[in-house]
Amino acid sequence: MVSKKLSDSVPTDREVVLGILNNSEDALNRLYIGYFPMILQFILNNNGDEDDAKDVYQEAIIILYNKIKSGDFELSSKLKTYIYSVCRRIWLKKLAQSSKKTNNVSDFEDVIAVEVDVEYHEEKDIQFDKMGAALDNLGEPCKTIIQDFYINNLSMQEICEKFGYTNTDNAKTQKYKCLQRLKKLFFQS
Amino acid sequence: MPAEIKEIIFSIMRNETELDAIIEDYLQGKLTPAEADAFELLRANDPVIDHKVVAHKVFMDAIKQYGKVLSLKEQMDKVHAGIDVASLTEELRPHPAFIVNLWRKNKSAMAIAASFILLTVFSIYSIQHNTLQNGTYEVMRREITNIKNNQNKLVRTLNSSPKTEKKPGGSAKFGGTGFALTANGYLCTNYHVVRDADSVYVQNNKGDAYKAKIVYRDPQYDIAILKIVDEEFTTLPSLPYKLKKNGIGMGENVYTLGYPKDDAVLGEGYISSKTGHVGDTTQYQVSIPINPGNSGGPLLDNYGNIIGVITAKENQVDGATFAVKSKYILEALNAIPSDSLGKKPVFTKKNPLQGLNRTKQIDKIENYVYMIKVYN
């Protein structure tokens, strides 16, 4: 049984929480591998395919990640139960939106209330989409400059060299011009 | 110093780009304490700048979160690529024999659930059959069989040949009991006895049959009032019994006269409960042996007061007979115009039967108890 073999490699809940708090990639990777079959099974048995499972599962992992990072995560339930409940909630919402049948949900695990977390994530998700759209509309080289500085944390000096500006002041001015346009795009959308 | 800063800020207020830079440095804590103080003062006094600071912070959080989620997704995609999704899908997709899978996964839970259900079923079953009087309600009208009818006809041809031509040619379908309410031919019986009737005949203990019509039906209390409309019928001597208006206590001895066969049969018992089938307060429960054909018979107490109408008995429960309380007879009577009733039965304490022994009482009332024959 594949699931049995996989479940052996599932890290403990404590390992996951500490790993995420300490930015351990390995903890997140093992968590991801550990519970994916559970969600895949749930989605496949409830009108979905493996791509749906991937999308829903990744959203749930992001929710869990943000919750742990924000510091208000308490191990009141098993991570497994939490992830399953979040995925279930998200998937039922998606089914309802595409007006597919949502009665007779086949469940495989216990379920806890996660509505608040999911709704909070939905707001964040809207922001994420808005930011993505704004960056796409920004065009080059602004998009890369902004990403390099604000996301990849490159220094002004590195950006200056990468884009061939004569001095950092020019690069800075360029960056702020880009930032102003991006802010406009972001807040207007 | 502050004057210098103010000047700088004043100049940059016209320069949006540099204002952004200042706000960013301010949010990242890169300003010197003096500069920060000056900026905070400016922010406090200028709502436009304050708004810009807040907006910038929101934006910064959004872009940081965007970057984080982007890198998370990248990382997860990398891990996802390492999972053999195809074979997992094959294994986990809904199996044709879904029940089998479900059983395999939840074996122990299902076993517990099943035993719990079994236990529940057994407890409910035993509760129903051991502790609760909960049988079905069986009305006591008699379905007259062909054999009995043949006997009937024989008796009638022998006893009352002059009247046979008046009786309907067909055989009576159902039989019950009824009793006189007034001297001029109003009778009381059960609604269910005459429910499907096309025509109704009543027969007294001497074997004289009269045609009757239904003048009142009350399905709720299961009471019907008949009127004898036959020309042969002569007004009865005044009624020997009274209707008892008040309730009667548990344990009181009672008896009934009825026609489970073609001759009147006496049944004797006692009030066993002040409520009837499943707590019906319009009825008594009586411990009395009755049979099909007893329906509609009068239930009398020791003093010859009519206290109810025999209605039904309960299946599966020994000695549980039900009788509609006499006050509902009165309600039924009230529904009939009083001038057509003639002398109404009154509710008095004084009763002509009082003080007489059982045999004498029966002797007096048996002329007022009729067999009801229903044809349809």
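The values are calculated or read from the model by the stated rules, or taken from the named source; none is laboratory data. Nothing here was measured: the structure is a model prediction, and the numbers come from that model. Neighbour counts run over all protein chains shown; Cβ positions are idealised from the backbone, glycine included.
Scanning the stretch B:240-280 for residues that are of a type in the set (A, V, I, L, M, F, W, C), more than 26 Å from residue B:174 (Cβ to Cβ) and at pLDDT below 85 turns up just one, B:248. Does the stretch A:31-41 contain any residue that is outside any helix (DSSP H, G or I), in contact (Cβ under 8 Å) with a residue 60 or more places away in the chain and within 11 Å of chain B (Cβ to nearest Cβ)? No: the stretch A:31-41 contains no residue that is outside any helix (DSSP H, G or I), in contact (Cβ under 8 Å) with a residue 60 or more places away in the chain and within 11 Å of chain B (Cβ to nearest Cβ). The residues in the stretch A:1-44 that are under 24 Å from residue A:107 (Cα atoms), in contact with a Phe, Trp or Tyr (Cβ under 9 Å, 6 or more places away or on another chain) and at pLDDT 85 or above can be counted, and the count is 9. Exactly one residue among B:266, B:299 is surrounded by 19 or more Cβ atoms within 10 Å (Cβ to Cβ) and in a strand (DSSP E or B), and that residue is B:299.
One residue alone among B:171, B:160 is more than 30 Å from residue B:219 (Cβ to Cβ), surrounded by 11 or more Cβ atoms within 10 Å (Cβ to Cβ) and at pLDDT below 70, and that residue is B:160.
Restricting the stretch A:11-30 to residues that are under 19 Å from the mean Cα position of the chain (by Cα) and β-branched (Val, Ile, Thr) leaves a set whose member that is nearest to the other protein chains (Cβ to nearest Cβ) is A:20. In the stretch A:156-174 there is at least one residue that is of a type in the set (Asp, Glu) and surrounded by fewer than 14 Cβ atoms within 10 Å (Cβ to Cβ).
Residues are listed down the side, and each one gets a yes or a no for (1) touching an Asp or Glu at 6+ places or on another chain (Cβ under 6 Å); (2) within 30 Å of residue A:163 (Cα to Cα); (3) surrounded by 15 or more Cβ atoms within 10 Å (Cβ to Cβ):
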| position | (1), (2), (3) |
| --- | --- |
| A:108 | no, no, yes |
| A:115 | no, no, no |
| A:128 | no, yes, yes |
| A:138 | no, yes, yes |
| A:147 | no, yes, yes |
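Those helices (runs of 4 or more DSSP H) of the stretch A:124-189 in which 3 or more residues are more than 9 Å from every other protein chain (Cβ to nearest Cβ) and polar (S, T, N, Q) occupy A:168-188.
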